[in-house]
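In what follows, a structure is listed as structure tokens, so that the remarks can point back to it.
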Amino acid sequence: MATPDTPRAGSSRSAPEPGRLSINTATVRKQWTLAQIIEGCARHGIRGIAPWRDQIAEMGLVEAARAIEAHGLRVSGVCRGGMFPAPDAAGRNNALEDNLRAIEEAQRLGADCLVMVVGGLPKDSKDIAGAREQVKEGLAALLPHARAAGVPLAIEPLHPMYAADRACVNTLAQALDLCDAIDPQTSGALGVAVDAYHVWWDPQLEAQIARAGKSRLLAYHICDWLVPTRDLLNDRGMMGDGVIDLPKLRSRVERCGYAGMHEVEIFSELDWWRRDPHEVLDTCVERHRSAS
Ligand code: ZN
């Protein structure tokens, strides 16, 4: 526990700008609909939001766009595109079609980026190298559409524990290698999402953030890593409750020129999804200031 004599790591750094806080709607999705989350963010003085596509579909794209605009919220990202690998050509084509719809949605919402969770192994496959090749091909096919729509694609490397079922891109270096291979001219249409939860442990993190630079760093997601973590998917911690030095990470991200939102993304079956959503948002605001 921090006491007055032992300040929290990073506490000497300046606090983040409150206006950079964004809420990924997963954080209160168990309690609220998208319409309620939009209103809730505005009511709590939160300036950004990152909606999930199932919630957009439920509310209706036109209505979601209207409400987000009416409340003056910036869309820090749309979750999510990707999921490229499939057992056959028809499956890969379906994935591409779905990604084209995701780009349209992100464009309609004026999103800063479309977050790409690239997908894991196709059913019954043990070929992770092949899955990674499919991801590369899928991104390359999608990129011209993203560029035409003005919606940057942000590849989000996921922690390796999700390599089989969610994303076979697992480090920032790997994501940036993909960017360099597919978009060597650094057009601005392809980059990465740095999610503290997925990459905090990486010995190359600092160097790879510097490598990404302003032109590739499209999104910054925050929460904390709890010890112990009781569930592989739905036990993310509130900022300040775990072991990630978030102020230090933010200073790295800002040093490379990132000027986008700080998006809080917490999946928490055992804790935050069980709380009053107003309390959750109040806590996000406070911890963004004091522990991020
Ligand atoms: Zn994320």
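Key figures for this structure:
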{"item": "Search result, residues across the stretch 156-165 that are of a type in the set (D, E, K, R) and surrounded by fewer than 20 Cβ atoms within 10 Å (Cβ to Cβ)", "result": "Asp165"}
{"item": "Lone qualifier among Asn99, Asn93 - being over 21 Å from the mean Cα position of the chain (by Cα) and of a type in the set (S, T, N, Q)", "result": "Asn93"}
{"item": "Test: residue in the stretch 108-120 that is in a helix (DSSP H, G or I), at pLDDT 95 or above and at negative phi", "result": "yes"}
{"item": "Residue match in the stretch 43-54 (condition: more than 21 Å from the chain's Cα centre (by Cα), in a helix (DSSP H, G or I), more than 16 Å from the ligand (Cβ to nearest atom) and over 25 Å from Ala140 (Cα atoms))", "result": "yes"}
{"item": "Qualifying positions in the stretch 84-98 - more than 17 Å from Pro152 (Cα to Cα), touching a residue at least 24 places away in the same chain (Cβ under 8 Å) and aliphatic (A, V, I, L, M)", "result": "Ala86, Ala95"}
{"item": "One residue from Ala219, Ala212 being touching a residue at least 24 places away in the same chain (Cβ under 8 Å) and out of contact with any helix residue (DSSP H, G or I) (no Cβ under 9 Å at 6 or more places or on another chain)", "result": "Ala219"}
{"item": "Scan of the stretch 136-155 for residues that are surrounded by fewer than 23 Cβ atoms within 10 Å (Cβ to Cβ) and of a type in the set (A, V, I, L, M), ordered by number", "result": "Ala140, Ala141, Leu143, Ala148, Ala149"}
{"item": "Restricting the stretch 105-135 to residues that are among the acidic types (Asp, Glu) and exposed (fewer than 15 other Cβ atoms within 10 Å of the Cβ), the residue that is farthest from Cys179 (Cα to Cα)", "result": "Asp124"}
{"item": "Residue in the stretch 56-90 that is nearest to the ligand (Cβ to nearest atom), counting only those that are closer than 19 Å to Glu265 by Cβ, in a helix (DSSP H, G or I) and β-branched (Val, Ile, Thr)", "result": "Ile56"}
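The values are calculated or read from the model by the stated rules, or taken from the named source; none is laboratory data. Being a predicted model, the structure only gives us computed values, none of them experimental. Positions of Cβ are generated from backbone atoms using ideal geometry, with glycine treated the same way; all protein chains shown enter the neighbour counts.
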